[in-house]
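Derivation of every value follows stated rules applied to the coordinates shown; laboratory data play no part. Because the structure is a prediction, the values reported are computed rather than measured. Reconstructed Cβ throughout: ideal geometry from the backbone, glycine too, with neighbour counts over all protein chains shown.
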Amino acid sequence: MSGSWPLARRSQALAQRGAIFTRIRMFFQEKGYLEVETPFRIPAPAPEAQIDAIPSDGWFLQTSPELCMKRLLAAGYPRIFQICRCWRDGERGTRHLSEFTMLEWYRARADYRVLMDETEQLVRTAAGVDTITYRGVEIALATAWERITVRDAFLRYTDTTAEAALSAGTFDELMVDRIEPKLGIGRPTFIYDYPASCSALARLKADDPSVAERFELYLGGLEIANAFSELIDPVEQRTRFEAEAAERARHGKHSYPVPEKFLAALAEMPEAAGIALGLDRLVMVLLDAESIDDVVAFTTEEL
């Protein structure tokens, strides 16, 4: 029994996790979304500089179903969602798993602001309560959620600007150390309008192309979701992929093939918005768990 104890003690958490997933599926079905499945093993992931894919017999385990789901949008599917497994190399900790569960959804003829509203509705539905407690802090879900731009967050929580931090190479460090711990405290926070250089697949703002129409959602200082209005210009997207690939090469990281079928499909893709939400993390916050290990059936170390 001792070897099975870690599995047995999670029974209540896994039952609650299952109920959360059921509410999520019902939410999307009621809104007219189609649940889809796309392959886990793909020939080419998006070449993002900060995300490393795990090789699989000459192909790669998906870091996200994004590229395949956008091809479905381009083929005429207006509202789609997926709950699936994803893999990212080198990610492990109390808040990270190298194999994890992602919720992604995409909506044609919508932008990132529409998705902010929809994300509020989804998280409230998933929680099933108006207030949660995470690590001793109450988070009110029923009241108005905070919305703050990246520029304003730097002015509020640091002694520099977002632009200066980018130039100095301290943007990510300040986000992690100074800004993120202050987000989603008391109520959820959307931080939005990220610098263009931090948004490889997002559409730039028409009235301020120095920033992209991208947001992240935080609960209790923890990032839960990343979303944006989609870039649908294949020429611009190829240029950005080339820049990301060059950045990977500069850091000595593995190179990926160019996802040519995805780039070809962009010409047919309507204006849309999409979001990736980490379900293991969401469940961890909703259940006030100490570690992400407490809300999954198995960790890698237990296999």
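Once the piece of chain linking LEU303 and ALA243 is laid out straight, how much longer is it, given 0.36 nm per residue of separation minus the C-alpha distance between them?
Gain on extension, LEU303 to ALA243, equals 17.8 nm.
By its C-alpha gyration tensor, with a ≥ b ≥ c as the square roots of the eigenvalues, how is the stretch 105-165 shaped: rounded for a/c under 1.5, else prolate for a/b larger than b/c, else oblate?
The shape class here is oblate.
Which aspartates and glutamates have a Cα lying under 19 Å from the Cα of LYS261, excluding residues fewer than 8 positions away in the same chain?
Cα-Cα hits under 19 Å: GLU37, GLU48, GLU66, GLU230, ASP233, GLU236, GLU242, GLU244, GLU271.
Reachable lysines from LYS31, Cα under 25 Å, same-chain residues fewer than 8 places away excluded?
Result set, ordered by chain and number: LYS70.
Cut-off is 10 Å between beta-carbons; in what order do ASP159, ASP177, ASP111 appear when sorted fewest neighbours first?
ASP159, ASP177, ASP111
Taking Cα pairs under 8 Å and at least six residues apart, what relative contact order does the stretch 2-302 come out at, in percent?
Dividing the mean separation by the residue count of the stretch 2-302 yields 23 percent.
How would you rank GLU91, GLU66, GLU290, going from fewest to most other Cβ atoms within 10 Å of each one's own Cβ?
GLU290, GLU91, GLU66
Can you divide the C-alpha Rg of the chain by 2.2 N^0.38 Å and report the result to two decimal places?
Ratio of Rg to 2.2 N^0.38 Å for the chain: 0.99.
When the helices in the chain are scored as -39500 (n - 2.57) per DSSP H run of 4 or longer and the sum is shared across all residues, what 222 nm value do you end up with, to the nearest 500 deg cm²/dmol?
That comes out to -9500 deg cm²/dmol.
Which value, in nm² and rounded to one decimal, describes the direction-averaged projected area of the C-alpha convex hull of the stretch 188-303?
Mean orientational projected area (the stretch 188-303, Cα hull): 10.1 nm².
Going by how many other Cβ atoms sit within 10 Å of their own, how do TRP87, TRP105 line up, fewest first?
TRP87, TRP105
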